Amino acid sequence: MDRRPWTEHDFIAGDPCLDFLNTIGDTGKTRTQEHLVDAQALDDWALARGLISPDEAPASSSRELAAVLTMREGLHALFASIARGEANALAWEVVRGDLAAALAVSQLAKPSPAMLTAPRLPERLALAALALLHDGRVARLKECGRCSWLFLDQSKARRRRWCRTEVCGNRARVERHYRKRHGPEPP
Ligand SMILES: [Zn+2]
């Protein structure tokens, strides 16, 4: 798979941790389309999201990438459960060690935007997850009605259903239209 440029469509979650969880996806609930194809892709993503500065790159080794991808799927299981209103103790156990390790190397930063930071990207990502877990914003956490992407619904009416209306919203609309004309069975 090729590396691709990151655009604003990759940063729709309203939170750095959730944007990180959305670096893999699919048209449905499976997570097979990997966008963090190598350590360079991870660095590019982190740069675009402002989690590392240009003078820190290259930041990630391929070993770190592997660890980060494992952590990402653990965190996705946890936050997807939270979005469904479930307390997934098993998912918490899986990521707790990563978050504790990040806290162990964390440093107190300036009060804005985050109080805690860490020398390296994997720990910064873990601290972003920790911040979200402790934050009232998590009440706005939702999973896309079609795919596995997660986001904070910042809309007033809290009726946001899709990660990206032009992708998942559009696919759902086309399907509804098809069912109306041809009945419930796909071809
Ligand atoms: Zn979606």
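Here are the numbers:
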| read-out | value |
| --- | --- |
| Calculated on alpha-carbon atoms, Rg and Dmax of the chain in Å | 17.5, 59 |
| Charge context of residue 169, other residues only, Cβ under 9 angstrom, K/R +1, D/E -1 | +4 |
| Mean-position separation - Cα centroids, the stretch 69-88 and the stretch 140-158, in angstrom | 14 Å |
| Reachable lysines from residue 180, criterion Cα separation under 23 angstrom, eight or more residues apart if same chain | none |
| Highest average packing first - 38-44, 65-71, Cβ atoms within 10 Å | 38-44, 65-71 |
| Helical contribution to [θ] at 222 nm, DSSP H n ≥ 4, -39,500 (n - 2.57), averaged over the chain, rounded to 500 | -13500 deg cm²/dmol |
| Prolate/oblate/rounded label for the stretch 15-57 (Cα gyration tensor, a/c 1.5) | oblate |
| Of the DSSP H helices in the chain, those whose Cα atoms cover at least 15 Å axially and whose Kyte score averages -1.0 or more | 62-83, 89-104, 121-133 |
| Dipole of the chain [Lys/Arg +1, Asp/Glu -1 at C-beta], most positive-end residue of 97, 149, 40 | 149 |
| Per DSSP, loop chymotrypsin sites (Phe, Trp or Tyr not before Pro) in the stretch 32-102 with at most 10 further Cβ within 10 Å | none |
| Stretch gain in nm, segment residue 9-residue 40, where the contour uses 0.36 nm per residue and the Cα spacing is subtracted | 9.2 nm |
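Here, each number is a calculation from the coordinates, and none is a lab measurement. This one's a predicted model, so the numbers in the text were calculated from it and none came from an experiment. So basically every Cβ, Gly included, is an ideal-geometry build from the backbone, and we count neighbours across all protein chains shown.
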